[in-house]
1. Got a number for residues in region 91-111 being among the small types (Gly, Ala, Ser) and either more than 8 Å from residue 187 (Cβ to Cβ) or in contact with a Pro (Cβ under 9 Å, 6 or more places away or on another chain) (or both)?
2. Based on what the data block shows, is residue 221 surrounded by fewer than 17 Cβ atoms within 10 Å (Cβ to Cβ) and either in a helix (DSSP H, G or I) or of a type outside the set (Ser, Thr, Tyr) (or both)?
3. Which residue, of 199, 228, is within 25 Å of the chain's Cα centre (by Cα), surrounded by fewer than 19 Cβ atoms within 10 Å (Cβ to Cβ) and either among the β-branched types (Val, Ile, Thr) or modelled with pLDDT of 85 or more (or both)?
4. When only residues in region 1-39 that are among the basic types (Lys, Arg) and modelled with pLDDT of 85 or more count, which is nearest to residue 187 (Cα to Cα)?
5. Scan region 55-73 for residues that are surrounded by fewer than 21 Cβ atoms within 10 Å (Cβ to Cβ) and touching a residue at least 12 places away in the same chain (Cβ under 8 Å) and jot them down.
6. From the set of residues in region 106-162 that are more than 22 Å from residue 334 (Cα to Cα) and among the hydroxyl-bearing types (Ser, Thr, Tyr), which is surrounded by the most Cβ atoms within 10 Å (Cβ to Cβ)?
7. Criterion first (closer than 23 Å to residue 360 by Cα, in a helix (DSSP H, G or I) and of a type outside the set (Gly, Ala, Ser)) does residue 332 satisfy it?
8. Take residue 77 and tell me if it is modelled with pLDDT under 85 and under 19 Å from the mean Cα position of the chain (by Cα).
Amino acid sequence: MAPTRVTSSARFASVAHGFRSLRGRNYRLFWFGQLVSLAGTWMQDVALAWLVLSITQSPVALGWTMTIRFLPSLLFSLYGGLLADRLPKRQTIIAGQCVQLLVALALAILTSTDLITVALIYSLAGLRGLIDAVEGPTRQAFVPEMVGTANLSNAVALNSTQFNVARIAGPAVGALVISTLGIAACFFLNTASFLAVILALLAMRASELYPVSRPLQEKALSQIRDGLRYARSTPEVVVIFIAMGAIGTFGYNFQTLLPLVTKYLLGSGASTLALLTTSMGAGSVMAGLVVAYRGRPTQRLLLGAAVCFVVLLFLVGLSGQRPLTMGLMFLTGMCGVLFMTTANTRLQLLVPGHMRGRVMGIYILLFIGTTPIGSMLIGQLAEHLGVRTTVLTMAGLCGAGVVAAVLYARRGSGGLLLVSE
């Protein structure tokens, strides 16, 4: 019996090891509060996409919504990254979450009173994006202050798991709420969900945060140039940014792509959209848990996941059957999270603390800020060439970027893809 007890104890310790970052009070509060808030956000995103298509019946209008939503990240993420280095991160995130709550509340009230218009949707989407341009880099750079560098890889993986658990729960609940209570109810629930993360941030103990050096208060443009110069002169960072730029621009536009695939390739409604989003989220959660148990992420894993993501996106474009598309979205979610989590963790570990906000600002720029380009391209191509051709074109553009990243990595490692990693 003794060996059984040892084995059970070892298994429990192994499981606990994968969640070790949650032992810290501050990170635990943040993780669970953010989980509730993100579930509400995903619920709102599904409802908003369906609202735009219901009002306009136009892929272009949906593309414009996503373009305006993410355009501020394209324009201001670099400056947002600088603010992340300069300002106290916890207070900055709290302020951003409060404004996001007000945006969700305005959307809920306008929709429930039938005063909502496409122009108002565009305006609120733009305001939301402006806040994200500052809060996004700040939230990314805040993780090391909560867990330290020793548990950073684990915390980034758990953040990815959290994000994708919310991606499963949010759309599933959203589809149910839309069918029973209407679209406006999703927006009201999202408004309430912001309270969870705001209260969690307020409850943190500042004395338990890990100290991080801040840059000297020089001119803003000079400090932004320093961040760009550092990124350009670090080959491992350049590889990440080449692949991230391609996949962020052309591949990870699922808020635009999935409603179009659902409506025009599968001929289905909101429930199928929720199923596809949930399938992708389930694969993403599985990948996040795998990464949480892994050690230091490698460049080989980064580029391998990127290649698989491109292949799967191409197959999604060829599929016209709901079960097959759901399976492909599950695998796409797995590869997408392996790529994103590895990229994020490698950056956080490579970059010195006083420059982390600015480099993560570049990361947000390439991953989220380029979304307006991809969203508008998707809308225009879908309107004129059809959804299937659009998805295949996006996969091809992603593939070109990943090939460029692989070639750069091989050149920088003397023809070997950093086998020692």
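1. Just the residues of region 91-111 that are among the small types (Gly, Ala, Ser), to begin with: 95-96, 104, 106, 108.
With the extra rule that they be either more than 8 Å from residue 187 (Cβ to Cβ) or in contact with a Pro (Cβ under 9 Å, 6 or more places away or on another chain) (or both), the set shrinks to 95-96, 106.
Qualifying residue count, region 91-111: 3.
2. On the way: surrounded by fewer than 17 Cβ atoms within 10 Å (Cβ to Cβ): yes; either in a helix (DSSP H, G or I) or of a type outside the set (Ser, Thr, Tyr) (or both): yes.
For residue 221, the condition - surrounded by fewer than 17 Cβ atoms within 10 Å (Cβ to Cβ) and either in a helix (DSSP H, G or I) or of a type outside the set (Ser, Thr, Tyr) (or both) - is met.
3. Numbers: 228 fails: either among the β-branched types (Val, Ile, Thr) or modelled with pLDDT of 85 or more (or both).
Just one listed residue meets the conditions, 199.
4. First, pick out the residues of region 1-39 that are among the basic types (Lys, Arg): 5, 11, 20, 23, 25, 28.
In the following step, the residues that additionally are modelled with pLDDT of 85 or more were identified as 23, 25, 28.
Working: 23: 33, 25: 30, 28: 26 Å.
Going through the qualifying residues, I end up with 28.
5. Within region 55-73, the first condition is being surrounded by fewer than 21 Cβ atoms within 10 Å (Cβ to Cβ), and the residues that meet it are 55-58, 60-61.
Matches in region 55-73: 55, 56, 58, 60, 61.
6. 138
7. So residue 332 fails the test.
8. So residue 77 passes the test.
The values are calculated or read from the model by the stated rules, or taken from the named source; none is laboratory data. Small disclaimer: the values here were computed from a predicted structure and weren't measured. So basically every Cβ, Gly included, is an ideal-geometry build from the backbone, and we count neighbours across all protein chains shown.
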